[in-house]
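The values are calculated or read from the model by the stated rules, or taken from the named source; none is laboratory data. All values reported here derive from a predicted model rather than from experimental measurement. Glycine gets a Cβ as well: all are built from the backbone with ideal geometry, and neighbour counts include every protein chain shown. Side chains are part of the model used for accessible areas, which takes the heavy atoms of the whole protein and leaves out ligands, DNA and RNA. Shrake-Rupley method; radii C 1.70, N 1.55, O 1.52, S 1.80 Å.
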Amino acid sequence: MTQVDEKKGSTCRSRMIPSPVVIRIQAILQKEMVREFLAELMSTFVMMVFGLGSVAHMVLGEKFGSFLAVNLGFGFGVALGVHVAGNISGAHMNAAVTFTNCALGRLPWKKFPVYVLGQFVGSFLAAASIYVIFYAAIMDFSGGHLTVTGPIATANIFATYLPEYMTLWMGFLNEVFITGMLQLCLFAITDKRNNPALPGTQALVIGILVVIIGVSLGMNTGYAINPSRDLPPRFFTFIAGWGAEVFRVKNWWWVPVVAPPLGAYLGGIIYVVFIGSTIPREPQILENPAEHEDHQAPVLPKAMSHRTANTSLASVSVSLDNRTPAQPIPLLSDNIQVQQF
């Protein structure tokens with residue numbers, strides 16, 4: 001190798017060494033709170049891009065969209081969001097779900113602002129992306145007039161609004177009931193002591209759940225069922241040209257913020273009390289009790305992940321390191337590590 005080649009090789013090696021700034025950024029990104037914040041941001045962004053895009057098709061191009069397509073867009077958007085971040089944060093993508101998990105002790109309260117902030121930022125960025133992508137279509141449809149109500153209204157692409165036949169409080173009760181159904185079914189889908197979805201299918205089943213809610217209960221209020229889905233895009237329309245009218249129409253804006261957490265909490269309580277509390281817990285069983293009295297076999301530690309959310313893919317791992325052949329192996333029914341999201 002020539003001297004020139006050696007210099008080139010040393011230069012390449014020096015370039016491969018991460019700089020202190022890169023190392024510091026990598027260390028920050030590996031922190032649990034940061035990873036969960038980014039996971040909620042990205043999963044919510046994915047869900048909202050597909051969901052709002054399907055609404056834009058229905059509003060701006062009648063032959064390109066339909067109410068069923070909107071339900072499919074949000075349903076499969078949720079499923080894909082779970083795949084994006086399910087094993088990191090649980091991919092809640094819903095402040096009401098995060099609130100319920102914290103209120104029921106399944107998630108520390110200190111993570112609540114982290115999750116919700118990530119969801120709000122992801123939702124806001126999704127609304128901005130849809131606005132840019134469909135800008136020409138929005139202007140063509142509305143004639144350049146960004147309105148909230150009327151035949152050429154386009155604000156409903158981004159947030160929910162009550163139809164004329166609905167009152168504010170009937171809409172409130174609708175959101176409470178629908179979100180309660182969502183949370184109750186989510187607990188059923190992810191409850192391993194009951195009859196959960198098969199491992200690897202939870203994301204799809206939860207997506208189907210959202211579609212079912214939309215096609216059966218979504219007509220009255222547009223089934224916001226999620227503060228993170230409604231408030232950030234509404235705020236985007238406020239600053240993007242639709243104005244303060246987005247907060248004034250029927251004074252509806254606060255209902256998708258308040259009603260879903262209340263409904264999700266009630267739905268979660270109903271499941272825990274009427275279903276979860278009736279499921280018997282299996283006691284730990286040793287393989288050979290008589291032999292166990294003389295030779296105490298080490299029992300594997302029971303560890304449960306603190307991550308909970310819309311879905312739970314079970315990944316079971318048991319460590320059998322440092323076990324000698326002479327030691328009996330206890331049954332693994334209670335000594336497993338389960339990760340949930």
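Per the Kirkwood definition applied to all pairs of different Cα atoms, how many angstroms is the hydrodynamic radius of region 134-236? Could you put the intermediate results ahead of the total?
Values: mean 1/r = 0.0630 Å⁻¹.
It is 15.9 Å.
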Can you run phi through the Karplus equation (6.51, -1.76, 1.60; θ = phi - 60°) for region 257-274 and list ³J(HN,Hα) in whole Hz, with x for Gly and Pro? 8, 9, 5, x, x, 5, x, 5, 5, 5, x, x, 4, 4, 5, 4, 6, 8
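Give the accessible surface of region 14-99 per residue, rounded to a whole number of Å², with probe radius 1.4 Å and ligands, DNA and RNA excluded. Working shown, then result.
On the way: 4320 Å² over 86 residues.
Dividing the accessible area of region 14-99 by its residue count gives 50 Å².
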Grab the beta carbon distance between T147 and V258, set R0 = 25 Å, and tell me the FRET efficiency rounded to 0.05. 0.45
Kindly rank 107-117, 173-183 from highest to lowest mean number of other beta carbons found within 10 Å of each residue. 173-183, 107-117
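To the nearest 0.05, what FRET efficiency results for N251 and L104 with a Förster distance of 35 Å applied to their C-beta separation?
On the way: r = 31 Å, r/R0 = 0.88.
After rounding, the FRET efficiency stands at 0.70.
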Using all C-alpha to C-alpha distances in region 104-192, build P(r) with 5 Å bins and read off the rounded percent in each one. 3, 10, 12, 13, 17, 16, 14, 8, 5, 2, 0
Inter-probe distance in nm under a simple model that places probes 7 Å from Cα toward Cβ, at V272 and R35: 2.7
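Averaging sequence separations of C-alpha pairs under 8 Å and six or more residues apart, then dividing by the length of region 49-114, give the relative contact order as a whole percent. Numbers along the way, then the final one.
On the way: 46 pairs, mean separation 13.6, N = 66.
Dividing the mean separation by the residue count of region 49-114 yields 21 percent.
For region 185-260, take the alpha-carbon Rg, divide it by the Kirkwood Rh, and send me Rg/Rh.
Numbers: Rg = 16.4 Å, Rh = 14.6 Å.
A ratio of 1.12.
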Can you sort E62, E40 by solvent-accessible area, 1.4 Å probe, largest first? E62, E40
Using 7 Å Cα-to-Cβ label points, what is the I133/N194 separation (nm, one decimal)? 3.4
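Length gain on complete extension for the stretch F112 to Q26, per 0.36 nm per residue less the alpha carbon to alpha carbon distance? Before the final figure, lay out each step's value.
On the way: separation 86, 0.36 × 86 = 30.96 nm, distance 2.38 nm.
Length difference between fully extended and current span is 28.6 nm.
Starting from the residue with the highest accessible area, list I23, I130 in decreasing order, probe 1.4 Å.
Values: I23 90, I130 5 Å².
Correct descending sequence by accessible area is I23, I130.
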Run through all the Cα pairs of region 43-199 and give the fraction in each 5 Å bin from 0, expressed as whole percent. 2, 8, 13, 18, 20, 16, 12, 7, 3, 1, 0, 0
